[in-house]
Amino acid sequence: MLDNFASFFKMIFLLSAGLAVLISDQYMEREGCNHGELYPLILFTVVGMMLMASGTDLMTIFLGLEVMSVALYVLAGFNRKNLKSNEAGLKYMLMGIFASAIMLYGMSLLYGVAGDTRLTVIAEKLTSEGTKPLLTLAAIFTLIGFAFKVSAVPFHTWAPDTYEGAPTPLTAFLAVASKAAGFVAMVTIITTAFPGQAKVVEPFMWVLSAATMSIGNLIAMRQTNIVRMLAYSGVAQAGYIMAPLAVYSQTGQTGVSASSAIVNYLIIYAAMNLGAFAVVIAAARKTRSGEISSFGGMLNYAPGLTAAMTVFLFSLAGIPPMGGWLAKWQVFSVLLQSKSTWGTTLALVAAVNTVLAAFYYLNVAKQMWFMPAPDGDTSRVRVPPSLVAALAITVIATLLSGVTSLVPDLTDFGSAIALGR
(Lines give C-alpha, C1' and ligand atoms only; values in the text may rest on other atoms or scores of the structure.)
Protein backbone atom coordinates (compact mmCIF):
# COMPACT_ATOMS: atom_id res chain seq x y z
CA MET A 1 0.00 0.00 0.00
CA LEU A 2 1.34 3.41 -0.98
CA ASP A 3 -0.13 5.83 1.56
CA ASN A 4 1.05 8.69 3.75
CA PHE A 5 2.25 6.30 6.45
CA ALA A 6 4.43 4.27 4.08
CA SER A 7 5.70 7.26 2.09
CA PHE A 8 6.73 9.15 5.18
CA PHE A 9 8.71 6.27 6.63
CA LYS A 10 10.37 5.59 3.29
CA MET A 11 11.65 9.15 3.47
CA ILE A 12 12.97 8.52 7.00
CA PHE A 13 14.76 5.35 5.87
CA LEU A 14 16.37 7.13 2.92
CA LEU A 15 17.49 10.07 5.06
CA SER A 16 18.94 7.71 7.67
CA ALA A 17 20.84 5.83 4.97
CA GLY A 18 22.12 9.10 3.52
CA LEU A 19 23.37 10.27 6.91
CA ALA A 20 24.98 6.87 7.52
CA VAL A 21 26.89 7.22 4.25
CA LEU A 22 27.98 10.74 5.23
CA ILE A 23 29.40 9.65 8.57
CA SER A 24 30.99 6.59 6.94
CA ASP A 25 33.18 8.77 4.74
CA GLN A 26 36.87 8.40 5.68
CA TYR A 27 36.02 6.23 8.71
CA MET A 28 35.76 3.08 6.60
CA GLU A 29 38.88 4.07 4.68
CA ARG A 30 40.80 4.60 7.92
CA GLU A 31 39.68 1.21 9.24
CA GLY A 32 40.68 -0.53 6.02
CA CYS A 33 37.17 -1.81 5.22
CA ASN A 34 35.95 0.61 2.57
CA HIS A 35 34.83 -2.19 0.27
CA GLY A 36 32.65 -1.37 -2.71
CA GLU A 37 29.78 -3.60 -1.63
CA LEU A 38 29.08 -1.32 1.37
CA TYR A 39 26.71 0.92 -0.57
CA PRO A 40 24.70 -1.80 -2.38
CA LEU A 41 24.21 -3.54 0.98
CA ILE A 42 22.89 -0.32 2.54
CA LEU A 43 20.52 0.07 -0.42
CA PHE A 44 19.31 -3.55 -0.14
CA THR A 45 18.62 -2.85 3.52
CA VAL A 46 16.57 0.23 2.63
CA VAL A 47 14.59 -1.75 0.04
CA GLY A 48 13.65 -4.27 2.73
CA MET A 49 12.59 -1.48 5.06
CA MET A 50 10.43 0.04 2.33
CA LEU A 51 8.69 -3.29 1.76
CA MET A 52 7.94 -3.48 5.49
CA ALA A 53 6.51 0.05 5.51
CA SER A 54 4.19 -0.63 2.54
CA GLY A 55 3.29 -4.20 3.44
CA THR A 56 -0.30 -5.11 4.29
CA ASP A 57 0.27 -8.85 3.92
CA LEU A 58 2.19 -11.20 6.22
CA MET A 59 4.36 -12.54 3.39
CA THR A 60 5.25 -9.07 2.09
CA ILE A 61 6.23 -7.90 5.56
CA PHE A 62 8.26 -11.06 6.19
CA LEU A 63 10.01 -10.75 2.83
CA GLY A 64 10.93 -7.14 3.62
CA LEU A 65 12.19 -8.16 7.04
CA GLU A 66 14.46 -10.86 5.60
CA VAL A 67 15.85 -8.65 2.82
CA MET A 68 16.70 -6.05 5.45
CA SER A 69 18.08 -8.56 7.94
CA VAL A 70 20.40 -10.50 5.62
CA ALA A 71 22.07 -7.29 4.46
CA LEU A 72 22.38 -6.08 8.06
CA TYR A 73 24.03 -9.34 9.13
CA VAL A 74 26.76 -8.72 6.55
CA LEU A 75 27.09 -5.03 7.47
CA ALA A 76 27.51 -5.88 11.17
CA GLY A 77 30.53 -8.03 10.33
CA PHE A 78 31.78 -5.75 7.57
CA ASN A 79 35.22 -5.14 9.09
CA ARG A 80 36.56 -8.55 8.12
CA LYS A 81 39.95 -8.09 9.81
CA ASN A 82 38.43 -7.24 13.19
CA LEU A 83 37.49 -10.19 15.43
CA LYS A 84 34.88 -8.13 17.30
CA SER A 85 33.19 -7.27 14.00
CA ASN A 86 33.19 -10.95 13.02
CA GLU A 87 31.65 -11.80 16.37
CA ALA A 88 29.06 -9.04 15.99
CA GLY A 89 27.90 -10.30 12.61
CA LEU A 90 27.77 -13.92 13.72
CA LYS A 91 25.81 -13.22 16.93
CA TYR A 92 23.36 -10.97 15.13
CA MET A 93 22.80 -13.54 12.38
CA LEU A 94 22.30 -16.55 14.68
CA MET A 95 19.91 -14.75 17.02
CA GLY A 96 18.13 -13.12 14.09
CA ILE A 97 17.51 -16.49 12.45
CA PHE A 98 16.12 -17.84 15.72
CA ALA A 99 13.77 -14.85 16.11
CA SER A 100 12.64 -15.10 12.48
CA ALA A 101 11.79 -18.78 12.97
CA ILE A 102 9.60 -17.98 15.97
CA MET A 103 7.88 -15.15 14.11
CA LEU A 104 7.27 -17.30 11.03
CA TYR A 105 5.72 -19.99 13.22
CA GLY A 106 3.36 -17.37 14.67
CA MET A 107 2.48 -16.17 11.15
CA SER A 108 1.79 -19.76 10.07
CA LEU A 109 -0.68 -20.10 12.95
CA LEU A 110 -2.41 -16.88 11.89
CA TYR A 111 -2.66 -18.21 8.34
CA GLY A 112 -4.01 -21.49 9.64
CA VAL A 113 -6.79 -19.71 11.52
CA ALA A 114 -7.66 -17.06 8.92
CA GLY A 115 -6.92 -18.98 5.71
CA ASP A 116 -5.36 -15.81 4.31
CA THR A 117 -2.20 -13.73 4.75
CA ARG A 118 -3.82 -10.30 4.24
CA LEU A 119 -3.91 -8.33 7.47
CA THR A 120 -7.47 -7.06 7.00
CA VAL A 121 -8.82 -10.58 6.44
CA ILE A 122 -6.88 -11.83 9.48
CA ALA A 123 -8.40 -9.01 11.56
CA GLU A 124 -11.94 -9.99 10.56
CA LYS A 125 -11.34 -13.65 11.40
CA LEU A 126 -9.61 -12.98 14.73
CA THR A 127 -12.38 -10.58 15.79
CA SER A 128 -15.04 -13.20 15.10
CA GLU A 129 -13.03 -15.94 16.87
CA GLY A 130 -12.44 -13.91 20.04
CA THR A 131 -9.62 -14.66 22.47
CA LYS A 132 -8.44 -18.27 22.30
CA PRO A 133 -5.16 -19.91 23.43
CA LEU A 134 -4.10 -20.65 19.84
CA LEU A 135 -4.69 -17.05 18.77
CA THR A 136 -2.84 -15.77 21.83
CA LEU A 137 0.14 -17.94 20.94
CA ALA A 138 0.02 -16.80 17.31
CA ALA A 139 -0.08 -13.10 18.23
CA ILE A 140 2.76 -13.34 20.77
CA PHE A 141 5.02 -15.42 18.51
CA THR A 142 4.49 -13.00 15.62
CA LEU A 143 5.32 -9.98 17.78
CA ILE A 144 8.44 -11.65 19.21
CA GLY A 145 10.16 -11.38 15.82
CA PHE A 146 9.63 -7.62 15.72
CA ALA A 147 10.56 -7.30 19.40
CA PHE A 148 13.95 -8.75 18.45
CA LYS A 149 14.41 -6.18 15.67
CA VAL A 150 13.69 -3.26 18.01
CA SER A 151 15.93 -4.84 20.72
CA ALA A 152 13.17 -5.18 23.31
CA VAL A 153 13.97 -7.06 26.54
CA PRO A 154 14.48 -10.04 26.76
CA PHE A 155 15.31 -10.16 23.02
CA HIS A 156 18.00 -7.48 23.29
CA THR A 157 21.09 -9.51 24.12
CA TRP A 158 22.49 -9.21 20.59
CA ALA A 159 22.51 -5.41 20.64
CA PRO A 160 25.48 -4.45 22.90
CA ASP A 161 28.01 -6.82 21.31
CA THR A 162 26.77 -6.10 17.80
CA TYR A 163 26.81 -2.32 18.32
CA GLU A 164 30.31 -2.41 19.79
CA GLY A 165 31.78 -4.79 17.20
CA ALA A 166 30.25 -3.39 14.02
CA PRO A 167 31.88 -0.36 12.32
CA THR A 168 30.50 2.67 14.19
CA PRO A 169 28.75 4.33 11.18
CA LEU A 170 26.96 1.06 10.46
CA THR A 171 26.10 0.74 14.14
CA ALA A 172 24.38 4.13 13.91
CA PHE A 173 22.42 3.00 10.85
CA LEU A 174 21.51 -0.30 12.52
CA ALA A 175 20.42 1.43 15.74
CA VAL A 176 18.14 3.90 13.97
CA ALA A 177 16.84 2.58 10.66
CA SER A 178 16.44 -1.07 11.69
CA LYS A 179 14.60 -0.07 14.86
CA ALA A 180 12.31 2.27 12.92
CA ALA A 181 11.49 -0.45 10.38
CA GLY A 182 10.74 -2.92 13.16
CA PHE A 183 8.34 -0.47 14.81
CA VAL A 184 6.64 0.34 11.49
CA ALA A 185 5.83 -3.34 10.95
CA MET A 186 4.87 -3.83 14.59
CA VAL A 187 2.44 -0.89 14.54
CA THR A 188 0.96 -2.03 11.22
CA ILE A 189 0.31 -5.59 12.41
CA ILE A 190 -1.03 -4.60 15.85
CA THR A 191 -3.39 -1.89 14.62
CA THR A 192 -4.50 -3.65 11.43
CA ALA A 193 -4.49 -7.39 12.20
CA PHE A 194 -4.95 -7.49 15.99
CA PRO A 195 -7.68 -4.95 16.85
CA GLY A 196 -9.77 -7.79 18.29
CA GLN A 197 -6.89 -9.18 20.34
CA ALA A 198 -6.25 -6.12 22.52
CA LYS A 199 -6.77 -8.13 25.73
CA VAL A 200 -3.72 -10.20 24.75
CA VAL A 201 -1.57 -7.67 22.91
CA GLU A 202 -1.82 -4.76 25.35
CA PRO A 203 -0.64 -6.63 28.48
CA PHE A 204 2.15 -8.20 26.42
CA MET A 205 3.27 -4.76 25.19
CA TRP A 206 3.00 -3.37 28.74
CA VAL A 207 5.38 -6.01 30.08
CA LEU A 208 7.76 -5.59 27.13
CA SER A 209 7.79 -1.80 27.48
CA ALA A 210 8.30 -1.72 31.26
CA ALA A 211 11.03 -4.39 31.19
CA THR A 212 12.80 -2.85 28.20
CA MET A 213 13.08 0.69 29.55
CA SER A 214 13.95 -0.47 33.09
CA ILE A 215 16.59 -3.08 32.27
CA GLY A 216 18.04 -0.96 29.46
CA ASN A 217 18.54 2.05 31.74
CA LEU A 218 19.86 0.08 34.70
CA ILE A 219 22.51 -1.68 32.63
CA ALA A 220 23.40 1.52 30.74
CA MET A 221 24.25 3.19 34.07
CA ARG A 222 27.09 0.69 34.58
CA GLN A 223 28.72 1.04 31.17
CA THR A 224 32.14 2.62 30.70
CA ASN A 225 32.19 2.33 26.89
CA ILE A 226 30.22 5.02 25.04
CA VAL A 227 29.03 2.69 22.25
CA ARG A 228 27.77 0.06 24.71
CA MET A 229 26.11 2.84 26.71
CA LEU A 230 24.34 4.06 23.57
CA ALA A 231 23.39 0.45 22.80
CA TYR A 232 21.63 0.01 26.14
CA SER A 233 20.26 3.53 25.81
CA GLY A 234 18.72 2.40 22.51
CA VAL A 235 17.18 -0.58 24.31
CA ALA A 236 15.63 1.78 26.87
CA GLN A 237 14.40 4.16 24.15
CA ALA A 238 12.63 1.22 22.49
CA GLY A 239 10.70 0.78 25.73
CA TYR A 240 9.41 4.35 25.55
CA ILE A 241 8.50 4.00 21.88
CA MET A 242 6.41 0.85 22.39
CA ALA A 243 4.65 2.19 25.52
CA PRO A 244 1.68 3.69 23.58
CA LEU A 245 0.95 0.24 22.15
CA ALA A 246 -0.02 -0.86 25.67
CA VAL A 247 -3.11 1.37 25.47
CA TYR A 248 -3.75 1.60 21.72
CA SER A 249 -7.34 0.32 21.91
CA GLN A 250 -8.65 2.36 24.85
CA THR A 251 -10.51 4.89 22.71
CA GLY A 252 -10.54 5.85 19.05
CA GLN A 253 -8.80 9.16 19.71
CA THR A 254 -6.21 7.57 21.98
CA GLY A 255 -5.49 5.01 19.28
CA VAL A 256 -4.64 7.77 16.82
CA SER A 257 -2.60 9.56 19.47
CA ALA A 258 -0.68 6.36 20.17
CA SER A 259 0.33 6.06 16.52
CA SER A 260 1.18 9.75 16.42
CA ALA A 261 3.41 9.47 19.50
CA ILE A 262 5.30 6.52 18.01
CA VAL A 263 5.80 8.24 14.65
CA ASN A 264 7.05 11.47 16.22
CA TYR A 265 9.32 9.62 18.66
CA LEU A 266 10.94 7.69 15.81
CA ILE A 267 11.62 10.90 13.86
CA ILE A 268 13.28 12.59 16.84
CA TYR A 269 15.11 9.42 17.89
CA ALA A 270 16.63 9.08 14.42
CA ALA A 271 18.04 12.61 14.55
CA MET A 272 19.46 12.55 18.07
CA ASN A 273 20.87 9.03 17.93
CA LEU A 274 22.55 9.42 14.53
CA GLY A 275 23.99 12.72 15.77
CA ALA A 276 25.37 11.14 18.94
CA PHE A 277 27.12 8.40 16.96
CA ALA A 278 28.51 11.04 14.56
CA VAL A 279 30.13 12.81 17.52
CA VAL A 280 31.58 9.52 18.79
CA ILE A 281 33.12 8.91 15.34
CA ALA A 282 34.54 12.43 15.18
CA ALA A 283 35.99 12.30 18.70
CA ALA A 284 37.56 8.89 18.06
CA ARG A 285 39.73 10.47 15.37
CA LYS A 286 41.71 11.97 18.26
CA THR A 287 41.07 9.76 21.30
CA ARG A 288 41.25 6.38 19.48
CA SER A 289 39.10 5.10 22.33
CA GLY A 290 35.47 4.40 23.02
CA GLU A 291 35.74 4.83 26.77
CA ILE A 292 33.55 7.51 28.32
CA SER A 293 36.56 8.79 30.28
CA SER A 294 38.31 9.60 26.97
CA PHE A 295 35.73 12.36 26.43
CA GLY A 296 37.29 14.31 29.31
CA GLY A 297 38.33 17.87 28.45
CA MET A 298 36.64 17.84 25.03
CA LEU A 299 35.43 21.37 25.62
CA ASN A 300 39.05 22.58 25.36
CA TYR A 301 39.94 20.98 22.04
CA ALA A 302 36.56 20.42 20.33
CA PRO A 303 34.01 22.97 21.60
CA GLY A 304 31.74 22.45 18.58
CA LEU A 305 31.59 18.69 19.11
CA THR A 306 31.02 19.24 22.82
CA ALA A 307 28.07 21.55 22.16
CA ALA A 308 26.58 19.13 19.61
CA MET A 309 26.96 16.11 21.89
CA THR A 310 25.38 18.07 24.75
CA VAL A 311 22.35 18.76 22.55
CA PHE A 312 21.99 15.07 21.73
CA LEU A 313 22.51 13.92 25.34
CA PHE A 314 19.98 16.41 26.70
CA SER A 315 17.52 15.34 24.00
CA LEU A 316 17.98 11.65 24.83
CA ALA A 317 17.40 12.51 28.49
CA GLY A 318 14.22 14.41 27.63
CA ILE A 319 15.39 17.85 28.78
CA PRO A 320 13.61 20.85 27.14
CA PRO A 321 13.89 22.45 24.65
CA MET A 322 15.58 19.54 22.85
CA GLY A 323 13.44 17.24 20.71
CA GLY A 324 13.54 14.32 23.13
CA TRP A 325 11.35 16.13 25.66
CA LEU A 326 8.50 16.45 23.15
CA ALA A 327 8.80 12.77 22.21
CA LYS A 328 8.56 11.69 25.85
CA TRP A 329 5.83 14.20 26.64
CA GLN A 330 3.65 12.76 23.88
CA VAL A 331 4.18 9.24 25.20
CA PHE A 332 3.19 10.33 28.72
CA SER A 333 0.14 12.14 27.30
CA VAL A 334 -1.10 9.05 25.48
CA LEU A 335 -0.64 6.85 28.56
CA LEU A 336 -2.49 9.26 30.85
CA GLN A 337 -5.22 10.07 28.31
CA SER A 338 -6.19 6.40 28.26
CA LYS A 339 -7.44 6.83 31.87
CA SER A 340 -6.68 3.19 32.53
CA THR A 341 -4.67 1.42 35.20
CA TRP A 342 -2.39 0.04 32.48
CA GLY A 343 -1.62 3.52 31.17
CA THR A 344 -1.15 5.21 34.54
CA THR A 345 1.18 2.57 35.97
CA LEU A 346 3.25 2.48 32.79
CA ALA A 347 3.52 6.28 32.88
CA LEU A 348 4.91 6.02 36.43
CA VAL A 349 7.44 3.40 35.31
CA ALA A 350 8.47 5.64 32.41
CA ALA A 351 8.82 8.67 34.72
CA VAL A 352 11.14 6.79 37.09
CA ASN A 353 13.19 5.55 34.14
CA THR A 354 13.52 9.05 32.73
CA VAL A 355 15.19 10.11 35.97
CA LEU A 356 17.49 7.07 35.91
CA ALA A 357 18.48 7.75 32.30
CA ALA A 358 19.48 11.33 33.08
CA PHE A 359 22.21 9.97 35.36
CA TYR A 360 24.32 8.35 32.66
CA TYR A 361 23.56 10.92 29.93
CA LEU A 362 24.65 13.79 32.19
CA ASN A 363 27.71 11.81 33.26
CA VAL A 364 29.02 12.01 29.68
CA ALA A 365 28.28 15.74 29.60
CA LYS A 366 30.19 16.14 32.87
CA GLN A 367 33.21 14.42 31.36
CA MET A 368 33.22 16.77 28.37
CA TRP A 369 32.61 20.02 30.24
CA PHE A 370 34.34 19.67 33.59
CA MET A 371 36.92 16.85 33.51
CA PRO A 372 40.50 17.24 32.15
CA ALA A 373 41.72 15.45 29.04
CA PRO A 374 43.13 12.02 30.08
CA ASP A 375 46.45 12.53 28.27
CA GLY A 376 46.64 16.32 28.64
CA ASP A 377 46.62 16.71 24.85
CA THR A 378 44.36 19.60 23.81
CA SER A 379 45.24 19.73 20.11
CA ARG A 380 42.22 20.37 17.91
CA VAL A 381 40.23 17.62 16.19
CA ARG A 382 39.96 17.85 12.41
CA VAL A 383 36.44 16.85 11.40
CA PRO A 384 35.79 15.85 7.75
CA PRO A 385 33.25 18.01 5.86
CA SER A 386 30.89 15.05 5.48
CA LEU A 387 30.78 14.59 9.27
CA VAL A 388 30.25 18.31 9.75
CA ALA A 389 27.29 18.17 7.34
CA ALA A 390 25.76 15.18 9.16
CA LEU A 391 26.19 16.90 12.52
CA ALA A 392 24.64 20.12 11.26
CA ILE A 393 21.60 18.28 9.92
CA THR A 394 21.03 16.25 13.08
CA VAL A 395 21.60 19.20 15.47
CA ILE A 396 19.12 21.38 13.57
CA ALA A 397 16.57 18.56 13.43
CA THR A 398 16.94 17.84 17.16
CA LEU A 399 16.56 21.49 18.12
CA LEU A 400 13.67 22.26 15.78
CA SER A 401 11.71 19.15 16.79
CA GLY A 402 11.78 20.39 20.39
CA VAL A 403 9.67 23.43 19.59
CA THR A 404 7.15 21.90 17.20
CA SER A 405 4.55 21.99 19.98
CA LEU A 406 4.37 25.72 19.25
CA VAL A 407 3.23 24.98 15.69
CA PRO A 408 -0.11 23.07 15.61
CA ASP A 409 0.32 21.78 12.02
CA LEU A 410 3.65 20.17 12.90
CA THR A 411 2.39 18.79 16.20
CA ASP A 412 -0.50 17.04 14.44
CA PHE A 413 1.67 15.73 11.61
CA GLY A 414 2.08 12.34 13.24
CA SER A 415 -1.70 12.02 13.61
CA ALA A 416 -2.15 12.90 9.93
CA ILE A 417 0.31 10.19 8.95
CA ALA A 418 -1.40 7.64 11.20
CA LEU A 419 -4.83 8.53 9.79
CA GLY A 420 -3.49 8.00 6.27
CA ARG A 421 -3.45 4.25 6.79
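Key figures for this structure:
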quantity: Output for the range 180-200, where each listed residue is surrounded by fewer than 21 Cβ atoms within 10 Å (Cβ to Cβ) and not in a helix (DSSP H, G or I); calculated: none
quantity: Extreme residue, nearest to the chain's Cα centre (by Cα), among residues of the range 86-105 that are in contact (Cβ under 8 Å) with a residue 60 or more places away in the chain and surrounded by fewer than 23 Cβ atoms within 10 Å (Cβ to Cβ); calculated: G96
quantity: Residue in the range 72-88 that is β-branched (V, I, T) and more than 28 Å from D3 (Cβ to Cβ) present; calculated: yes
quantity: Residue match in the range 358-370 (condition: under 23 Å from the mean Cα position of the chain (by Cα), modelled with pLDDT of 90 or more and within 22 Å of Y248 (Cα to Cα)); calculated: no
quantity: Single residue of T127, T157 found to be touching a residue at least 24 places away in the same chain (Cβ under 8 Å), surrounded by fewer than 19 Cβ atoms within 10 Å (Cβ to Cβ), of a type outside the set (D, E, K, R) and closer than 26 Å to D3 by Cα; calculated: T127
quantity: Count of the range 325-379 residues which are outside any helix (DSSP H, G or I) and within 29 Å of S289 (Cβ to Cβ); calculated: 9
quantity: Residue identified as part of a helix (DSSP H, G or I), within 18 Å of the chain's Cα centre (by Cα), aliphatic (A, V, I, L, M) and closer than 30 Å to M28 by Cα among L143, L75; calculated: L75
quantity: Any hit, the range 56-66, residues being surrounded by fewer than 21 Cβ atoms within 10 Å (Cβ to Cβ), at pLDDT below 90 and farther than 30 Å from G112 by Cβ; calculated: no
quantity: Residue within the range 202-215 that is at pLDDT below 90 and crowded, with 20+ Cβ neighbours inside 10 Å present; calculated: yes
quantity: Flag if F295 is over 25 Å from E202 (Cα atoms), within 16 Å of the chain's Cα centre (by Cα) and crowded, with 24+ Cβ neighbours inside 10 Å; calculated: no
quantity: Lone unmet requirement of (1) surrounded by fewer than 21 Cβ atoms within 10 Å (Cβ to Cβ); (2) among the hydroxyl-bearing types (S, T, Y); (3) more than 15 Å from L348 (Cα to Cα) for Y248; calculated: (1)
quantity: Residue pairs meeting the criteria (Cβ under 9 Å; at least 6 apart or on separate chains; first outside any helix (DSSP H, G or I), in the range 219-248; second among the acidic types (D, E)); calculated: T224/E291; N225/E164; N225/E291; V247/E202; Y248/E202
quantity: Number of positions in the range 8-52 that are at pLDDT below 85 and over 24 Å from A282 (Cβ atoms); calculated: 2
quantity: Members of the range 11-32 that are crowded, with 18+ Cβ neighbours inside 10 Å and under 16 Å from the mean Cα position of the chain (by Cα); calculated: I12, F13, L15, S16, A17, L19, A20
quantity: Residues of the range 49-92 satisfying the condition of being in contact with a helix residue (DSSP H, G or I) (Cβ under 7 Å, 6 or more places away or on another chain) and over 26 Å from D161 (Cβ atoms); calculated: M50, L51, A53, S54, G55, T56, D57, L58, T60, I61, L63
quantity: Residue in the range 181-191 that is modelled with pLDDT under 85 and under 18 Å from S54 (Cα atoms) present; calculated: yes
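The values are calculated or read from the model by the stated rules, or taken from the named source; none is laboratory data. If you're wondering where the values come from, they're calculated on a predicted model, not measured in any experiment. All Cβ positions, even for glycine, are placed from backbone atoms using ideal geometry, and neighbour counts span all protein chains on display.
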